Structures are given as C-alpha cells and as structure tokens.
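The values are calculated or read from the model by the stated rules, or taken from the named source; none is laboratory data. Computed from a prediction, not measured in an experiment: that's the story for all the values here. Glycine gets a Cβ as well: all are built from the backbone with ideal geometry, and neighbour counts include every protein chain shown. These accessible areas exclude ligands, DNA and RNA; they are computed on the full protein's heavy atoms, side chains included. Shrake-Rupley method; radii C 1.70, N 1.55, O 1.52, S 1.80 Å.
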Amino acid sequence: MCGIIGAISNANIVPILLEGLSRLEYRGYDSAGLVVANHGLQRVRTTGRVAELSNLVATQKTQGFTGIAHTRWATHGKPSEHNAHPHFSGKETKIAVVHNGIIENHEAIRTKLQQHGFHFSSETDTEVIAHLIAFNLKQTTDLFKAVCLSLTELQGAYAIAVIEEENPERIIAARKGAPLLLGLGKEGHYVASDASALLQVTRDIIYLEEGDVAELNRHSYKIVNCLHHQFGEPVQRIVHESHLTNEAIGLGTYTHYMQKEIFEQPGAVANTLEMVLNAESISPNIFGSKAEKIFSATNNILIIACGTSYHAGLVARYWMETIAGLPCSVEIASEYRYRDAIAVPGTLVIGISQSGETADTLAALNYAKEVGHQYSLAICNVPESALIRQADLRFLTRAGPEIGVASTKAFTTQLASLLLLTVTLAKMRKKLTINDEKQMIAALRHLPIALQHALQVEPQVKDWAKRFAEKNHALFLGRGAHYPIAMEGALKLKEISYIHAEAYAAGELKHGPLALVDNDMPVVAIAPNDQLLGKLKSNLQEVHARGGRLYVFADADANIESSEHLYIIRLAEHTGILSPILHTIPLQLLAYHVALERGTDVDKPRNLAKAVTVE
Ligand code: G6P
C-alpha cells in the first residue's frame, strides 16, 4: 500500500508529482505529502486527499526541479500530518524519504538511533529509514552509499525514494518486496510505484528488481543491486515500453471507476480469452512453455489467494472437481503461510492476485515451495508483478488497470481464466471428449455477450438499492459454485456501502443465521437453474415463513415465482457452467447502487486500499 513518486527534471516537477499521486491514490488515501528541493527542502503535507494537497501547494506556490511525493495507507501511526510522508532527518542539512512497505525491525533501529541522539517526530517506521540514512551519511559522506549501507540493516519490505538538501541534483530509489519502477523521459527522470503515475511524462519504463538501488540525475541514471553486496554491483535493466493508454486509466464518461470497471467486463473477459475465442482447441502452452509437462504431472490443485481473488479460487474448486476430476483445496494466503502445511506430491499451486503484489499471497507461495510443492502457476492482472516473476507458469488476466478499490473486472476475468485452466486440465486428463471441449470453447466465446445481457438488469437493481440503503445488515445465500458468489456479493456490499453483510451456504441457514431473520433483514439469494434449485427453494421458504424479505437473483428459466416479500430479478439467460460469472454482475451493481444511495466514497472506501503490500 502507499504510492510513491519522484521526479528530477528541467522543468517544475510539482504538477508531475501531483498528477502522479492522483493516479496512485488507489494505493492509500490516509494522507498525502510532497517535498521539493528549492533553496532548502520545501515540504507540504495534509491528512486530506491529493486534491487538498494540490490546493495547499497552489497557495504556498511550491515549486522545484527535484522532488518526491507520497500517498499513505497508515500502518504505523494514525493518519495525521506528523505521520504523513515525506519524513525528514537532519538539522543543518536535511534528507527526505518516502516509503511504501513495512520495516519490521523499526523498533530496534529506533532505539539505537535514539541512543545516538536522533529525535523522532512521528510514530512511523519510515522515519527510522530517514534517520538511519542520515546516521550513515555522516560516515560515508555520500547519499548513495549511505542508502546502500542503511538497506543492509532494514528487515521487511520497502520501496523508497530519497532526496538530500545538500545535493538536490539527484534522487536515490530502492526496492525490496514492494513495487518500484523508473521512468526515462526527455526532460528528466522519474520513479514511481506504478506506470500509470508516469504515463503523463514517459512510456519508457525500467522495472526495478529485488535489491536494486538507483540514482537518478536529470540526464543520467545508474542502477546497482545490493541484495548480496553492501555497495552493490552495477546492473543493466531492460527498458520496456508501457502500452497503457490514457483511456484505460481515465474515467471517461463514467462517474466512478467501479462503475466503469463493472461495465468494462464484457470487453475485459473477451481480451482475457482472446487466444481461445477463435481456436478450435485449447493448448496448455497458453499457461507457459513448461505447462504441458507440469500439467501432465498434476493430480491435485492448491489455490492460494486473498479477498476477492480467494473467492475466485473457491468457485474454481467446484469446476476443478466437476470438470477436471481433480481434488482442489483453496486457502486464504494469510492463514496458509503460518500453518504446518503438508505437501501432497503432484500438486499444482495456483496463486491468484489482481495486483500480483499482495504480501500474504507472495509469502504463501514461497512457503508452499519451502514445504515441498514443486510447481506453481500465477493468475494475475499485472505483467511485471512479483507474482508473475516468481511462478513457474503464468496466465495474465487482461482486464486492464483496475483502479476502484473494490475488485470487479479482475474477479470475472480471474473466473474466466480459471475456467480455461480447468478445461485445459480436464482435456489433458481425458475427462473431456473433443466435442465437450468444443462446447466449452463455444460457451466461453459466448461469455462476453452473456455478460452484456447480465448488465441489463441495472434498472431493476437500482430499485432494490433504494430499499437496501436504509438497512444495517444483509444476508447473502448461495449453493454450490454460487456460494462463493454470495460471499463475493456480501464482500462488495460491506466494502463500499458499510452495510454489515454475511454470506452463507443456504443449507447452513438453519444452523444459526436463521435466528437473525426478521422483517428488517434483507436476504439476497442466488438462484441459478441448476440441480440444487429445489434445495435452495426450500431454504428460501424457511426465510419466508419467518417474515424475512427475500431478494432473489434467478436464471431466466428458474421455476420460482415472486410473492409477498419475495422479489425476483431474472438474468436474461441461463448459461450452465458460466452461471457463477454471470450472477456476479447483479451483485456488483447492487453494491454500487446501494453505496450511491448512501453517499459513500465508492472508489476509495474508508480504511481500505487496493494493493495490500503489507502483511
Ligand atoms: C485488497 C483489495 C481487494 C483484493 C485483495 C487481494 O483487499 O481491496 O479488492 O481482492 O486485496 O488483492 P489481489 O491484488 O491479491 O487480488
């Protein structure tokens, strides 16, 4: 979490820092701050958003040619101005630091530095980095060396950018365990947490690797790697051309990114499935050159993920077992990494992550390797992410940048990818005939259109949203592969409308949650026309008989009728195996419209952030 950006240029860099920060705000929005070198270090900080920082900067007429900036998701120390980055160290000559990540041994370093007379003015772990660099600067007299030396003492994850009052002609940047990239522009050089922040000035990007420390000057740069050597070895890194477009990262005609991203789903899924949409059969090579060998040795699946990505994994379990005949377990990454897990030979470990930077997911995949799992596959939306780099096999969801904190198009593209993977494994395990495979491909080909149809329920969902907006609690019910979809629907609602929502497998209702049901408790049910519909209808009767208000999303042909206190919205069609993907759409729309009714901050819900790069 937290977004950082730095710039050194021939022109005033303040507008670049502010525009970059606004692109990075999805990473955290508890406070914002920047510092520029201009006759000393000029710092502006606020507990407001980037828009507020822009106002302050305009009033104070802050400008300069070198600067660094930050948007914060608070970990150590509450959101306040004195905890906002950049952090300073030094009296006569100052250095300034911005940081994304967590320094795990910050207390020990803080104690040591206090003994050396350093005074701390915040509760953050970041201020420790600033003072440590200042401490080492006294010995090395060179900022680059002082940063390298300091990094050897830091445990945890960091992406940092540092500037110095004495020599404002350079920025030092370093990464370990948190994303950071350099931008090479005509007018200057830049550093940022992601490429969208730099699109305004350049498309030429260098992705820093673990342990890289870079020095940026206006017209030159150097990178060394300090992972194994204190002062590092010079390294060459490839310059990539970013293909991000302004359209992909802008709002366009939409009011919110979440709204835009919900409506982008037909296109996002079509892009993700592009390589099979015109094919007659599916090749395992779409998952990587070693896929055929690894899939042939696979007899078990372990999926690891967090949040919405975890829900995608839960749906995939039903598919893996039913279509591919593969045992499949799904684990929350933050739990798995601390369990005494047992490695089952022949397991393919699948990490699912939109960002590819979620600290728990990355650590859990490493742990899976440590306990003896041999093969891993990443399903991810960010090509240069740590997850993609660390897995043996990879599949990119091509959803485009997802900026709204509540995940939508990343989820449906993950589901489409997981279905593709299931079909591939099923085919290799001879669980599908050529004809079955053709039918599956035809179903996938139809998916973008089916999603388009599903979006048409919006006006009816809007009506329901008005009633939900007054509630404080809601229950979500589903069965089979639609149970995780109910979980995702509940998560969406609580994330952005702050209504307490819980999901239950409908058969579990009578084992406790039924006690909560009264005429003030909306119960949302997902009712696809599958073999469990009869069972689900009995569960709904249990709610109805106790005065509960039922809101049912049913398939077009589901034999279920509306009655008093039982309201139904029907999807346009019934799509069999694809049904969980389609039933996601009305639930996303419901959360979105309830949030609008309640006037919450849809794209930046309180206390949350999109990329959770801390444990
Ligand atoms: C955060 C986001 C969620 C996301 C989860 C996992 O909590 O707000 O939307 O599902 O992280 O993120 P990942 O990038 O690993 O999918």
### Query
Any residue at all in segment 320-330 that is touching a Cys at 6+ places or on another chain (Cβ under 8 Å), away from the ligand (no atom under 16 Å from the Cβ), touching a residue at least 24 places away in the same chain (Cβ under 8 Å) and open to solvent by less than 30 Å² (accessible area, probe 1.4 Å)?
yes
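Would you pick out the residues in segment 117-163 that are of a type in the set (Ser, Thr, Tyr), part of a loop (DSSP other than H, G, I, E, B) and either in contact with a strand residue (DSSP E or B) (Cβ under 6 Å, 6 or more places away or on another chain) or within 24 Å of Pro79 (Cβ to Cβ) (or both)? Before the answer, list the steps.
Of the residues in segment 117-163, the ones of a type in the set (Ser, Thr, Tyr) are 121-122, 124, 126, 140-141, 150, 152, 158.
Still in the list and also part of a loop (DSSP other than H, G, I, E, B): 121-122, 124, 141, 152.
Scanning segment 117-163 gives Ser121, Ser122, Thr124.
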### Unique residue being closer than 17 Å to Gln414 by Cα and open to solvent by less than 10 Å² (accessible area, probe 1.4 Å) when the list is Ala368, Ala378
Ala378
## Note on the structure
Over segment 423-464, the set of residues surrounded by 21 or more Cβ atoms within 10 Å (Cβ to Cβ) and farther than 18 Å from Glu292 by Cβ is Met440, Leu444, Leu447, Ala450, Leu451, Ala454, Val461, Trp464
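Looking for something under 19 Å from Arg317 (Cα atoms), in a helix (DSSP H, G or I) and within 11 Å of the ligand (Cβ to nearest atom) - is there at least one such residue anywhere in segment 370-392?
In the first step, residues of segment 370-392 are kept if they are under 19 Å from Arg317 (Cα atoms); the result is 373, 375-380.
From the residues that got through so far, the ones that are in a helix (DSSP H, G or I) too are none.
No, segment 370-392 contains no residue that is under 19 Å from Arg317 (Cα atoms), in a helix (DSSP H, G or I) and within 11 Å of the ligand (Cβ to nearest atom).
Among the residues of segment 333-378, count how many are aromatic (Phe, Trp, Tyr) and in contact with a Leu (Cβ under 7 Å, 6 or more places away or on another chain). Lay out the reasoning, then the answer.
Quick first cut of segment 333-378, residues aromatic (Phe, Trp, Tyr) only: 336, 338, 367, 375.
Subset that is in contact with a Leu (Cβ under 7 Å, 6 or more places away or on another chain): 375.
Adding up the residues that qualify gives 1.
For segment 346-364, how many residues are away from the ligand (no atom under 11 Å from the Cβ) and closer than 17 Å to Glu615 by Cα?
Step one: of segment 346-364, the residues away from the ligand (no atom under 11 Å from the Cβ) are 346-350, 363.
In the following step, the residues that additionally are closer than 17 Å to Glu615 by Cα were identified as 363.
Residues in segment 346-364 being away from the ligand (no atom under 11 Å from the Cβ) and closer than 17 Å to Glu615 by Cα: 1 in total.
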### Message
Quick check on Glu261: is it away from the ligand (no atom under 16 Å from the Cβ) and outside any strand (DSSP E or B)?
### Response
no
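Quick one: would you say Glu615 is touching a residue at least 40 places away in the same chain (Cβ under 8 Å) and open to solvent by 10 Å² or more (accessible area, probe 1.4 Å)? Break it down stepwise before answering.
Numbers: touching a residue at least 40 places away in the same chain (Cβ under 8 Å): yes; open to solvent by 10 Å² or more (accessible area, probe 1.4 Å): yes.
Here the answer is yes, as Glu615 does meet what is asked.
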### Query
Given Gly313, Gly267, which one is in a helix (DSSP H, G or I), open to solvent by 30 Å² or more (accessible area, probe 1.4 Å) and either touching a residue at least 12 places away in the same chain (Cβ under 8 Å) or charged (D, E, K, R) (or both)?
Gly267
### Task
Take Leu420 and decide whether it is among the aliphatic types (A, V, I, L, M), in a helix (DSSP H, G or I) and buried (at least 23 other Cβ atoms within 10 Å of the Cβ).
no
### Query
Under the condition of being open to solvent by 20 Å² or more (accessible area, probe 1.4 Å) and at pLDDT 95 or above, which residue from segment 382-397 is farthest from Leu181 (Cα to Cα)?
Asp392
### Residue that is nearest to the ligand (Cβ to nearest atom) [pool: residues in segment 393-421 that are within 12 Å of the chain's Cα centre (by Cα) and among the hydroxyl-bearing types (Ser, Thr, Tyr)]
Ser407
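Out of the residues in segment 171-194 that are surrounded by fewer than 22 Cβ atoms within 10 Å (Cβ to Cβ) and over 25 Å from Thr361 (Cβ atoms), which is nearest to the chain's Cα centre (by Cα)? Steps first, please.
Filtering segment 171-194 down to residues surrounded by fewer than 22 Cβ atoms within 10 Å (Cβ to Cβ) leaves 177, 184-187.
From what's left, over 25 Å from Thr361 (Cβ atoms): 184-187.
On the way: Leu184: 26, Gly185: 28, Lys186: 31, Glu187: 32 Å.
Here the residue is Leu184.
Please specify each residue of segment 587-612 satisfying the condition of being away from the ligand (no atom under 16 Å from the Cβ) and surrounded by fewer than 24 Cβ atoms within 10 Å (Cβ to Cβ). I'd like the intermediate steps shown before the answer.
Start the filter on segment 587-612 by keeping residues that are away from the ligand (no atom under 16 Å from the Cβ), which leaves 589-590, 593-594, 596-599.
Listed by number, the residues that qualify are His593, Leu596, Glu597, Arg598, Gly599.
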